[in-house]
Amino acid sequence: MPELRKDPVTGRWVIISTDRQKRPNDFRFERAAIIARELCPFCPGREAMTPPEILAYRQNGSAPNTPGWELRVVPNKFPALQVEGTLDREGDGMFDRMNGIGAHEVIIETPDHDRTLSMMSEAEIERVLWAYRERMLDLKQDHRLRYILVFKNHGAAAGATLDHPHSQLIALPIVPDFVREEIEGARLHYRVKERCVFCDIIHQDMRDGRRVIQENAEMIALSPYAPRFAFETWVLPKQHGARFEEAPRHVYEALARMLKAILQRLDRALERPPFNLIVHTSPFSEEVADEYHWHIELMPKLTRVAGFEWGTGFYINPTPPEEAARVLRAVRF
Ligand SMILES: [Zn+2]
Ligand SMILES: [Zn+2]
Ligand SMILES: [Zn+2]
């Protein structure tokens, strides 16, 4: 059973993964190449190589765990957290721990091994977003859980070990630090101004224009004012909403269109960079309807996070966001 432990100084929770315990020798393999296509467990025909599916979109009435699917959600074979068991929050002297209860799922976005998100049609991307939503709504019913983290690592440099297009979902019994920080900041802004800080950013950047990459009726993509990474891009709904999974249907359609366009811009401007995509949404356990505003953060992996960043928690970004937005706006399709 994995375990969650809280650092007594900073209050930061970490997952101690007892099931995946590694000896010093094992770390060498971490640098090994991406798993070959011939062995890809996400390709059609190899359904038996993954745990049984939790959800699948099939149009041809094919049986579960057989080929014929368009999208498949399966439990992660090497989960960071596990579903069965009780939380057992407990103290050990001054230390706090709890069992690593949660869910760790993989969303296999397409049967086509080589079809990256930016190559997919808008309808296919929308289907991926719809799967995120469906899994979130289902997992929300588990009252031991407080947050669902949906993310995608694309490319080995971004942490992917499989080329086959997929996203991951981790349901956690705690709220991750980055969400906690954003919510605290958003609450402070709301308390002073009675306005959502993200709505304020959208309005100011729309008036200013320098950091806007692209807009449609529902969504806006921008280079944030103080990005940690070169070409970091945020995609936000223009209409205020605190929860990704509660957005109206036409918003997913607009988001799919926007994501495709932005990924294509990044591909052309930066020669198909590896990237991380993270959905930032509200914890289920908290009422933050007016203060928090869901969004997607896209981080191309262009530079290595080095000792300076890890040591100081202070990021050095070589590309001003106004310049990043200008470059991405200028991409012609
Ligand atoms: Zn594959
Ligand atoms: Zn807002
Ligand atoms: Zn965010």
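Since every read-out is calculated from the coordinates, none of them should be taken as a lab result. Values in this document were obtained by computation on a predicted structure and should not be read as measured data. Here Cβ is always computed from backbone atoms with ideal geometry, including for glycine, and neighbour counts include all displayed protein chains.
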| remark: With only helices counted (DSSP H, runs n ≥ 4, each -39500 (n - 2.57)), the per-residue ellipticity at 222 nm for the chain, to the nearest 500, works out to -8500 deg cm²/dmol
| said: At R0 = 25 Å, how high is the FRET efficiency between GLU134 and GLU215 if r is their beta carbon distance? Nearest 0.05 is fine. | reply: 0.35
| Relative compactness, segment 64-120, computed as alpha-carbon Rg over 2.2 N^0.38 Å | 1.74
| task | Could you give the size of the charge dipole of segment 157-312 about its Cα centre, using +1 on the Cβ of each K and R and -1 on the Cβ of each D and E, expressed in debye and rounded to the nearest 20? | result | 520
| task | Name the most mobile residue of SER121, SER62, SER285, meaning the one with the largest mean-square fluctuation, in a Gaussian network model of the chain with Cα contacts below 10 Å. | result | SER62
| To one decimal place, what orientation-averaged projected area in nm² is obtained for the convex hull of the Cα set of segment 122-258? | 9.8
| task | With no solvent and one equal point scatterer placed on each C-alpha of the chain, evaluate the Debye formula and give log10 I(q)/I(0) for q = 0.10, 0.14, 0.16 Å⁻¹, two decimals. | result | -0.63, -1.31, -1.69
| What is the mean projected area of the alpha carbon convex hull for segment 96-148, to one decimal in square nanometres? | 5.1
| said: Can you find, among LEU172, GLY91, MET299, the residue sitting farthest towards the positive end of the charge dipole of the chain, where Lys and Arg contribute +1 and Asp and Glu -1 at Cβ? | reply: MET299
| message | Give me the three principal axis extents of segment 255-322 from the C-alpha atoms, as integers in angstrom, largest value leading. | response | 39, 37, 21
| task | Take the Cα pairs of segment 198-333, get the Kirkwood Rh, then feed it into Stokes-Einstein at 20 °C and 1.002 mPa s and tell me D in µm²/s. | result | 137
| remark: By the Kirkwood definition, with r running over pairs of different Cα atoms, segment 130-192 has a hydrodynamic radius in Å of 13.8
| If you place +1 on the Cβ of every Lys and Arg and -1 on the Cβ of every Asp and Glu, how big does the dipole about the Cα centre of segment 200-290 come out, in debye to the nearest 20? | 500
| R0 of 30 Å, Cβ-Cβ distance SER121-ALA157: FRET efficiency to nearest 0.05 | 0.70
